[in-house]
Amino acid sequence: MRSAKQLGAESMEQTLARVSTYHSDLTAGQYCNLLDLALLALSRPTTDALFPAVALQIRNALNFNVVTLGLYDSITESMHMEIWRAGDAKKRSELISVHSCASGWAWKNQRSVLVQDSDTESNLPVSLSVLRQLGVRTYYVFPLTTSRHKLGAIGFGSLDVIPRANAMIESLRRGAAIIAQFLDAPSTDGMIAQTDSVQITPVITSGPERALQDFDRGDQATPDEAFHEIVGNSAPLQEMLRQVRTVAATDATVLLLGETGTGKELVARAIHRISSRGDSKFVSVNCTAIPTELLESELFGHEKGAFTGAANRRVGRLELADGGTLLLDEVGDLPSVIQPKLLRVLQDMEFERLGSNRTVKVDVRLIAATNQELQRGIAEGRFREDLFYRLNVFPIHVPPLRDRKSDIPALTRYFVAKYASKVNKSITSIPGEAMSALVNWSWPGNIRELQNLIQRCVILTNSTVLRVPLGELVRDTKPSFGWMSQERERELILQALKEAGGVIGGASGAANRLGMKRTTLYSKMKKLKISAAEFQPSC
């Protein structure tokens with residue numbers, strides 16, 4: 001694993017972005033220690049692999065010898081305690097009452113426990129007998145809490161008395177935040193990230209290829225159950241989930257906007273599951289996957305003899321979704337001849353099957369998804385403006401993976417576990433250098449691209465360490481303009497023109513620096529009223 005000093009500044013920021021916001025009050029040494037800890041968490045996907053390494057690191061960096069991990073067990077209402085001592089081959093495990101250990105007190109009260117010398121301090125809220133048996137004198141415990149869960153507490157102990165320093169305590173507190181993010185993955189028995197696991201702990205991803213049967217169950221899910229299918233704590237993802245919670249309580253039409261491969265269908269299913277329609281059907285139709293001449297029949301159904309080959313009456317997707325939810329995926333490609341009929345459904349909740357003049361009424365919640373800018377389709381005459389306004393009642397932007405870089409490690413671990421189990425391989429760790437490369441890649445294909453790459457990596461791996469073709473993940477510094485604001489586009493174009501001296505084409509021109517065609521850049525400059533002349537050197 002590379003040390004923090006071997007990583008570029010941008011890579012360091014992106015790695016630490018996985019846990020929370022770190023401020024500029026850190027010294028260089030504290031920053032490097034936290035980065036090393038973050039890389040440990042990224043590269044060691046089980047607690048049994050991670051915590052011995054953490055114990056060694058804090059011994060070397062801060063003279064602490066012991067790490068304790070207490071996770072709350074809801075079944076026994078106690079703390080499942082694990083104790084690692086730097087250099088020891090084995091850990092110590094036991095169940096301790098929440099009311100009789102420092103980890104339980106920190107978890108219950110969401111406060112730190114700071115013991116500078118266990119031999120002299122008598123007014124402690126709990127007993128430290130287990131730690132005293134190990135010779136621990138200084139012991140600092142911090143609650144492990146994320147935006148989703150109160151997990152337990154982590155303790156750092158030393159066999160020596162270490163003078164209390166605010167900078168050191170703050171470093172440990174922020175280290176605890178890193179560990180909390182690592183542990184915050186769902187499991188089946190109430191415990192988080194079981195410590196006796198030897199496989200990469202699986203979490204559920206927001207990728208586009210998850211099985212559909214889980215969402216077709218008759219029971220209505222709670223928000224937490226539905227969102228367990230979506231992993232991540234990044235700010236863009238949490239903002240999207242906040243909007244999902246808001247709109248799911250209504251019957252409003254939702255328009256999901258986002259690039260291909262971001263998991264828009266999964267978001268639509270989550271909205272359905274936590275809505276009042278969650279016990280009814282969820283029906284999906286892709287507007288690009290069905291030929292135009294068949295799409296109308298697929299949506300609205302047809303009567304026997306409605307057209308050549310219509311040997312029987314067919315019920316369309318709209319009727320199948322009656323009482324439930326219909327997802328129109330890639331709605332930007334909806335043929336113009338079908339758009340008026342869909343508009344009528346949105347306005348009156350009624351339509352006629354092909355070959356019939358009988359009106360069919362339905363009660364359907366419509367969710368539409370697209371990777372296109374529908375306003376551009378309106379300007380080009382491909383999409384009806386009145387239909388757009390009917391669809392755009394509650395727009396939600398599904399963020400691309402490059403805006404969710406702090407979620408990449410958890411997604412990677414999930415895909416490794418998924419595909420390793422399919423081919424009966426045991427892959428227990430991911431090299432820090434490989435994880436750093438994965439985090440730094442721009443992922444133009446989003447989660448689908450990451451999924452396909454990890455599947456190939458698993459196939460190529462013949463050991464317990466994931467093999468990643470680093471040559472394919474060369475740092476991509478060219479920006480993506482897919483869903484960028486005009487202000488940000490203007491800023492990047494001006495910067496590129498400045499660096500290129502006003503030259504647009506050529507290997508060193510602004511267009512190549514931005515990763516776009518020269519004609520595309522000309523078009524954007526015209527739209528944004530940018531002139532290259534002001535950046536060209538005067539004679």
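The values are calculated or read from the model by the stated rules, or taken from the named source; none is laboratory data. Values in this document were obtained by computation on a predicted structure and should not be read as measured data. We place every Cβ from the backbone using ideal geometry, glycine too, and count neighbours over all the protein chains shown.
Below is a table of values for the structure above.
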| item | result |
| --- | --- |
| Among (1) in a helix (DSSP H, G or I); (2) more than 25 Å from Pro335 (Cβ to Cβ) - the single one Pro399 does not satisfy | (1) |
| Restricting segment 333-372 to residues that are free of Cβ contacts under 8 Å to residues at least 40 places away in the same chain and touching a Lys or Arg at 6+ places or on another chain (Cβ under 9 Å), the residue that is surrounded by the most Cβ atoms within 10 Å (Cβ to Cβ) | Met349 |
| Residues within segment 252-286 that are of a type in the set (Lys, Arg) and either in a loop (DSSP other than H, G, I, E, B) or outside the structural domain of Val331 (by TED's automatic domain parsing) (or both), tallied | 2 |
| Hits in segment 148-176 (condition: of a type in the set (Gly, Ala, Ser) and surrounded by fewer than 18 Cβ atoms within 10 Å (Cβ to Cβ)) | Ala165, Ala167 |
| Verdict on Gly323 being surrounded by 15 or more Cβ atoms within 10 Å (Cβ to Cβ) and either in contact (Cβ under 8 Å) with a residue 40 or more places away in the chain or within 16 Å of Asp251 (Cβ to Cβ) (or both) | no |
| Of the criteria (1) in contact with a Gly (Cβ under 6 Å, 6 or more places away or on another chain); (2) at pLDDT below 80; (3) not hydrophobic (A, V, I, L, M, F, W, C), which one Thr21 fails | (1) |
| Condition met for Leu237 (at pLDDT 90 or above, aliphatic (A, V, I, L, M) and either on the phi > 0 side of the Ramachandran plot or assigned by TED's automatic domain parsing to the domain that holds Val345 (or both)) | no |
| Residues of segment 343-363 satisfying the condition of being in a helix (DSSP H, G or I) and either on the phi > 0 side of the Ramachandran plot or out of contact with any strand residue (DSSP E or B) (no Cβ under 8 Å at 6 or more places or on another chain) (or both) | Leu343, Gln347, Asp348 |
| Residues of segment 373-398 classified as surrounded by fewer than 22 Cβ atoms within 10 Å (Cβ to Cβ) and under 30 Å from Ala177 (Cα atoms), total | 1 |
| Flag for Ser531 being small (Gly, Ala, Ser), surrounded by fewer than 13 Cβ atoms within 10 Å (Cβ to Cβ), modelled with pLDDT of 75 or more and within 25 Å of Glu259 (Cβ to Cβ) | no |
